[in-house]
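Peer 1: Before I ask anything, here is the structure I am working with.
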Amino acid sequence: MSSSDNGLNPTLRLQGVGKWFGSLQVLEEIDIDVKTQEILTVLGPSGCGKTTLLRIVNGLILCERGEVSFKGEVVDGPRPEMAMVFQNFGLFPWKRLDQNIGYALRIQGKDKNEIDRLVSHYTELVGLGGFEANYPSQLSGGMQQRAGLARALAAQPDVLLMDEPFGALDALTRETLQEELLRINEAEPKAMIFITHSIDEALLLGDRVLVMTPRPGRIRFQFETGFGRGRDLEALRGGKRFQALRHYLWEAMRNPDEEPEPIPELNLE
Amino acid sequence: MATDAPTATGVSTAEKTAWERIKEPAVYVRLISLVVVIGGWELMGQTGNIDPVTFSYPSAICVAFWDLIASGKMTAAAYESSQILVAGLLIAIPLGIVLGILMGRFRTFEYAVDTYVFALYATPVVALAFPIAMVLGVDFVGKTTIVVFFAIMPIIVNVYHGVRNVDLSLLEVTRSFCSTESQRWRDLIFPSVVPYLVAGLGLACGRALVGMVVAEFLMSISGLGALSQDYIADLELDKGLAPVVLLMIVGIALTKVVNICETKFSSWRVRQES
């Protein structure tokens, strides 16, 4: 399934990233490589600096130590090749849905026909066809986040940055959107960093799961989930490997100071 | 109501809704209140309980109102007054918006001017009438300046707060998508400021009217202020109060215009309620 160059060419590379807020260190020695089209889920308790990490990757804030590079270039500010999906949706309340979805395209100065074409394509892709003329406040949280996703996708980035995008949604909507996200990513694969504090979500979506420790945020361990593309989330949930990984992560999250018993299957694949 | 429904034609339905509207407390309580207060006042006047030298009553004021309009005095005075009102607002609105934006956006500018702005905001502007008259004279320029001082403060302060209270998470969205500064103003800052600006304009219009009358009373006497004061001085209270009624009507009309603008510029907010 994976092509051979994936392992060799990280799209995104973090090297020794350290971040302080005043005298408080929030991130320490973060090294991450994200391969082309890889979905990396970052799992950690609240306050472990997950969101800060994502903002550094996006170039919204800078790190004091180490560096982030995108295709070999140092990231020193936001760039159009990366698009963020925000936890609180981040839609403009005074813009209609189609205007919100086309926002990034207008910022990039695309011509009107191109914007219309891409907006209608991504509106359909996220299942919002027919709601173009609505304002965000007229839509449910799930639909608002679909729009947030469509806006990021329409920008046609190489990397999608997902900041707990489904955290504010109810359980059912959340599961629907997880499946939709994977379906969309099948259709148009991209590298993705997906921040979450849900063990299930990290496993269901991730090609690789990276677990962080709190205060300061450090990488605790990471592993390939090995579930492959085109996964069926329902079948996955019932599977043995999923259950084992879930249990392992649960133990790990419960005891932040000691590593749980290793599971042999973890290092397979 | 349910029994009427099958036989109701379009016309009778319309009549019924009009009648039902009157049955709403917001309407009938106001109507009753108006009848009691205005009617009681009128009754006091009709029964000779109001001395026309010190006060007047509704029907007398109405007659005086039409007399003043018929003689052309009211329209002439209103025209004179409206010049300083309109000139004052035309200066105060754009200037207030610009100053408010500069204060909200640029720290250095804010620190340089905020002492004066907030000091003036807290000062009763009436107290400034005499110094302004000394410097700028008591005619058109001086009076317009008074109106500007009255009207500009709520605009500056509201726009300033609007710029300051821009949603920080949306600010981050604009940064994340590589928005330029001018795009950010268009997409985020101006739309955020509109509700604050409209509220400021509502206050500004009311204060501009006050400023207009203050200027006409305290500087070279003119316009509606003069008309009112002259008749009151002559103890013709009915004619003295007629211009006041016109000022009330203008005040209400200006507030309505601002409300209509508000609805126009924040259609997304109105739809949200429905």
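Peer 1: Could you line up B:75, B:145, A:52 from fewest to most neighbouring Cβ atoms inside 10 Å?
Peer 2: Values: B:75 13, B:145 24, A:52 19.
Going from sparsest to densest Cβ surroundings: B:75, A:52, B:145.
Peer 1: Another one. Helix A:240-254: angle to the longest alpha-carbon principal axis of chain A, degrees 0 to 90, nearest 10?
Peer 2: Taking the Cα atoms of chain A, the angle to A:240-254 is about 80 degrees.
Peer 1: Apply the a/c threshold of 1.5 to the C-alpha gyration tensor of chain B and tell me whether it is rounded, prolate or oblate. Spell out each step's value before the answer.
Peer 2: Numbers: a/c = 2.90, a/b = 1.17, b/c = 2.49.
It comes out oblate by the Cα gyration axes.
Peer 1: Label residue B:180 and residue B:69 with points 7 Å out from Cα along Cα→Cβ: what is the distance between them in nm?
Peer 2: 5.4
Peer 1: Something else now. Bin by bin, in steps of 5 Å, what percent of the Cα pairs in segment A:169-216 do you find, going until the bin that has the longest distance?
Peer 2: 5, 17, 28, 24, 16, 7, 3, 1
Peer 1: I would also like to ask the following. FRET efficiency for residue A:24 and residue A:62, Cβ-Cβ distance as r, R0 = 25 Å, nearest 0.05?
Peer 2: Values: r = 16 Å, r/R0 = 0.65.
For R0 = 25 Å, the calculated efficiency reads 0.95.
Peer 1: Which GluC sites (Glu not before Pro) from segment A:1-92 combine a DSSP loop assignment with at most 15 other Cβ atoms within 10 Å?
Peer 2: On the way: sites: A:28, A:29, A:38, A:64, A:67, A:73, A:81; in loops: A:38, A:64, A:81.
Taking segment A:1-92 and a limit of 15 other Cβ atoms within 10 Å, the loop GluC sites (Glu not before Pro) found are A:64.
Peer 1: Multiply the residue separation of residue B:91 and residue B:221 by 0.36 nm, subtract the distance between their alpha-carbon atoms, and state the gained length in nm to one decimal. All intermediate terms of the calculation are to be shown ahead of the outcome.
Peer 2: Working: separation 130, 0.36 × 130 = 46.80 nm, distance 2.21 nm.
Additional length available on full extension: 44.6 nm.
Peer 1: Please name whichever of B:165, B:129, B:198 sits farthest to the positive end of the charge dipole of the protein assembly as shown, dipole taken about the Cα centre and charges placed at Cβ: Lys and Arg +1, Asp and Glu -1.
Peer 2: Checked the options; the winner is B:129.
Peer 1: Considering only the protein assembly as shown, what is the antiparallel percent among its DSSP beta bridges, to the nearest 5? All intermediate terms of the calculation are to be shown ahead of the outcome.
Peer 2: Numbers: 21 of 40 bridges.
Percentage antiparallel, nearest 5: 50.
Peer 1: Please give the peptides A:232-242, A:218-228 ranked by average Cβ packing (other Cβ atoms within 10 Å per residue), highest first, as a rough proxy for protection.
Peer 2: On the way: A:232-242: 13.2, A:218-228: 16.8.
For the peptides A:232-242, A:218-228, the packing ranking is A:218-228, A:232-242.
Peer 1: Based on the Cβ-Cβ distance of residue A:31 and residue B:109, what FRET efficiency does E = 1/(1 + (r/R0)^6) give at R0 = 41 Å, to the nearest 0.05? Provide the component values of the computation, followed by the final result.
Peer 2: Working: r = 44 Å, r/R0 = 1.08.
Approximately 0.40, to the nearest 0.05.
Peer 1: Return the average number of partner chain Cβ atoms within 10 angstrom of each residue Cβ along peptide A:101-114. Show your work: numbers first, answer last.
Peer 2: Values: counts 0, 0, 6, 5, 1, 5, 8, 3, 2, 0, 0, 0, 0, 0.
Going residue by residue through A:101-114 and averaging, the value is 2.
Peer 1: Then there is this: Give the residue from A:100, A:45, A:202 lying farthest towards the positive end of the charge dipole for chain A; charges sit on Cβ (+1 for Lys and Arg, -1 for Asp and Glu) and the dipole is referred to the Cα centre.
Peer 2: Checking the options against the dipole of chain A, the answer is A:100.
Peer 1: While we're here: Amide H to amide H under 5 Å from residue A:191: which residues, 5+ apart in sequence or cross-chain, H placed 1.01 Å off N in plane?
Peer 2: Under 5 Å from the amide H of residue A:191: A:37, A:38, A:160.
Peer 1: Considering only DSSP beta bridges whose two residues both sit in chain A, what percent are antiparallel, to the nearest 5?
Peer 2: Numbers: 21 of 40 bridges.
If we restrict to bridges inside chain A, about 50 percent are antiparallel.
Peer 1: Give me, ordered by chain and number, the residues 5 or more places off residue A:27 or on other chains with an amide H under 5 Å from its own placed amide H.
Peer 2: A:19, A:217
Peer 1: I need to check one value: relative contact order of chain B, counting alpha carbon pairs closer than 8 Å and at least 6 residues apart, in percent.
Peer 2: Values: 276 pairs, mean separation 64.6, N = 274.
Relative contact order of chain B: 24 percent.
Peer 1: Between residue B:43 and residue B:116, what is the label-point separation in nm under the 7 Å Cα-to-beta-carbon projection?
Peer 2: 5.7
Peer 1: Turning to a different aspect of this structure: Would you list, by chain and number, the lysines whose Cα falls below 19 Å from the Cα of residue A:19, excluding same-chain residues fewer than 8 positions away?
Peer 2: Answer for residue A:19, where 19 Å is the Cα cut-off: A:50, listed by chain and number.
Peer 1: Something else about it: Taking the Cα centre of segment B:152-210 as the origin, how large is its charge dipole in debye, to the nearest 20, when only Lys and Arg (+1) and Asp and Glu (-1) carry charge on their Cβ atoms? Don't skip to the end; give the middle numbers.
Peer 2: On the way: 5 positive and 4 negative charges, 31 e Å.
It comes to approximately 140 debye.
Peer 1: Hey, which lysines would be in cross-link range of residue B:239, C-alpha to C-alpha under 21 Å, not counting anything within fewer than 8 residues on its own chain?
Peer 2: Reachable lysines: B:73.
Peer 1: Tell me, what is the FRET efficiency for residue B:171 and residue A:69 to the nearest 0.05, using R0 = 22 angstrom and their Cβ-Cβ distance as r?
Peer 2: 0.25
Peer 1: Compute the helix-to-body angle for A:112-125: its Cα long axis versus the longest principal axis of chain A, expressed 0 to 90° and rounded to tens.
Peer 2: Once rounded, one gets 50 degrees.
Peer 1: Can you give the Kirkwood hydrodynamic radius of segment B:121-199 from its Cα pairs, in Å with one decimal? Each step should come with its number before you reach the end.
Peer 2: Details: mean 1/r = 0.0668 Å⁻¹.
Averaging 1/r across every pair of different Cα atoms and inverting gives 15.0 Å.
Peer 1: Nearest 20 debye, what's the magnitude of the dipole of segment B:72-273 about its Cα centre given +1 on Lys and Arg Cβ and -1 on Asp and Glu Cβ? Could you put the intermediate results ahead of the total?
Peer 2: Numbers: 14 positive and 15 negative charges, 129 e Å.
With Lys and Arg at +1 and Asp and Glu at -1, about 620 debye.
Peer 1: Go through A:71/A:190; A:110/A:190; B:143/B:264; A:95/B:264 and tell me which ones have a Cα-Cα distance over 24 Å in this structure. Mind dumping the intermediate values first?
Peer 2: Numbers: A:71/A:190 14 Å; A:110/A:190 21 Å; B:143/B:264 32 Å; A:95/B:264 14 Å.
Beyond 24 Å between Cα atoms: B:143/B:264.
Rule-based calculations on the coordinates, nothing more; no lab input. All values reported here derive from a predicted model rather than from experimental measurement. Glycine also receives a Cβ, built like all others from the backbone with ideal geometry; neighbour counts cover every protein chain displayed.
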